[in-house]
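Structure first, commentary second.
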Amino acid sequence: MPSKNMLPKGQRHHSVRAEYRATRGVEEAVPLPVPVLEFEDDADPDHDPATAIRHFIADPAAAGLRLDQYLAQAIPDISRARVQLLIESGQVRVNGNPSKPKIKLVGGEAIEIEGAPRPEPLHAFPENIPLDILHEDKYLAVINKPAGMMVHAGSGATEDVRNHGTLVNALLHHLNSLSEVGGELRPGIVHRLDKQTSGIILVAKDDSTHRKLGEMFSNRRVAKTYLALVHGHVAKDDTTINLPIARDLIRRIRMTTRRALESGARTAVSHVHVLERIASAYGNFTLVEVKIETGRTHQIRVHMQSLGHPVVGDNLYGAPHNIPNALDPESPLSLDRNFLHAAQLSFLHPQTSKAMNLEAPLPPELQSFLETIRTAK
């Protein structure tokens, strides 16, 4: 009986040899990276960015991209949603004409953007969200943030779900005062943790404390220690990663160490110490302690990926969504957050000079995951 995959009778003589020869050695075209646009500030002290008009020519790499897609990649710190709002409000013109977000570019178009590429900051508001407060005095508070909670709403957020459920919303409900140095959307926030990273975060209650803490972070006088579980066995017991970090030009939500020689890359130093190497039915893993000298975006996640050992659960940087079990293929393991936890914070209190050493234990979901792979032999 003929196979169902066979060509119909009369067409079986057809060969793909000609198509093969025509494409042999021809590599698939890789899209060009979209260069980031740099806008210079107007030297006029009376210059109002809200009414400024910025002119530029679409890069050849814009060919084939939607207008909103190109602008979101080319302008740092602006979301695609915000780009679409600017376009829909008539603040973006292509070759002198108002345009729509979905038009396709060919490269070389004259583009104008009127007004600032970011909306005015929102006013954060209090919400009754439980908080794990490790320490509180009249100057500052130390919080154990759970994974899944954003520290504050983004600059492109509106009065919807993106401006609810953040650490700032909870702080405004629980604390009697917060510093205003960070602006109305980020009261009290001195430093940040990624949404899917748990652990210790420091909050300032007044502007003087905030500025002193900011200076301490800048001068590397705050010791931050993280625990991470990574894929594979890290070879050396102690490793220092000194690789500058920059934004990925292709996927702007990612950071990368591959642009280390470019001017936009920022110095980043991480010290990795192996605590435990685990051989499991789910594969090899290493539990590491990471001390960071700098606090770049996604620093530990990017640095561990650069070693070939992505953080477990970190799908953005190469960790698998599901981890197969060699003994039971029908029972894969998954983690819906990053196995990265800010476990310790040490500093001298900026107002009292008292030595502060705070610790936050691994949350239950990470403890459970760790025990699962340890016992899967």
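The values are calculated or read from the model by the stated rules, or taken from the named source; none is laboratory data. Because the structure is predicted, anything quoted here is derived from the model rather than measured. In this analysis, Cβ positions are derived from the backbone assuming ideal geometry, glycine residues included, and neighbour counts consider all displayed protein chains.
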Yes/no for ARG54 being at pLDDT below 90 and of a type in the set (Lys, Arg): yes
Considering residues of the range 157-177 that are at pLDDT 85 or above and part of a loop (DSSP other than H, G, I, E, B) only, the residue surrounded by the most Cβ atoms within 10 Å (Cβ to Cβ): THR166
Residue in the range 353-362 that is under 25 Å from ASP206 (Cα atoms) and in contact with a Phe, Trp or Tyr (Cβ under 7 Å, 6 or more places away or on another chain) present: yes
Hits in the range 291-325 (condition: touching a Pro at 6+ places or on another chain (Cβ under 8 Å) and not in a loop (DSSP other than H, G, I, E, B)): ARG301, MET304, TYR317, ILE323
Scope the range 180-190; condition assigned to a loop (DSSP other than H, G, I, E, B), closer than 23 Å to THR294 by Cα and either free of Cβ contacts under 8 Å to residues at least 40 places away in the same chain or touching a helix residue (DSSP H, G or I) at 6+ places or on another chain (Cβ under 6 Å) (or both); matching residues: VAL181, GLY182, GLY188, VAL190
LEU229 vs. criteria of a type in the set (A, V, I, L, M, F, W, C), surrounded by 18 or more Cβ atoms within 10 Å (Cβ to Cβ), in contact (Cβ under 8 Å) with a residue 12 or more places away in the chain and assigned by TED's automatic domain parsing to the domain that holds PRO363: yes
Residue match in the range 338-349 (condition: of a type outside the set (D, E, K, R) and modelled with pLDDT under 95): no
Filter result (surrounded by fewer than 18 Cβ atoms within 10 Å (Cβ to Cβ), over 25 Å from the mean Cα position of the chain (by Cα), on the phi < 0 side of the Ramachandran plot and part of a loop (DSSP other than H, G, I, E, B)) within the range 326-375: ALA326, LEU327, ASP328, PRO329, GLU330, SER331, PRO332, HIS349, GLN351, THR352, LYS354
Filter pass, SER334 being more than 28 Å from LEU243 (Cβ to Cβ) and in contact (Cβ under 8 Å) with a residue 12 or more places away in the chain: yes
Tally, over the range 281-304, of residues that are buried (at least 24 other Cβ atoms within 10 Å of the Cβ), farther than 17 Å from ASN242 by Cβ and out of contact with any Asp or Glu (no Cβ under 9 Å at 6 or more places or on another chain): 0
Test: residue in the range 288-295 that is at pLDDT below 95, within 24 Å of LEU202 (Cα to Cα), basic (Lys, Arg) and not assigned by TED's automatic domain parsing to the domain that holds MET150: no
Positions within the range 188-215 being more than 27 Å from GLY313 (Cα to Cα), polar (S, T, N, Q) and crowded, with 22+ Cβ neighbours inside 10 Å, in sequence order: THR209
Residues that are surrounded by fewer than 16 Cβ atoms within 10 Å (Cβ to Cβ) and modelled with pLDDT under 85, drawn from the range 89-118: SER89
Test for GLY264: is it surrounded by fewer than 17 Cβ atoms within 10 Å (Cβ to Cβ), among the small types (Gly, Ala, Ser) and farther than 23 Å from LEU366 by Cα: yes
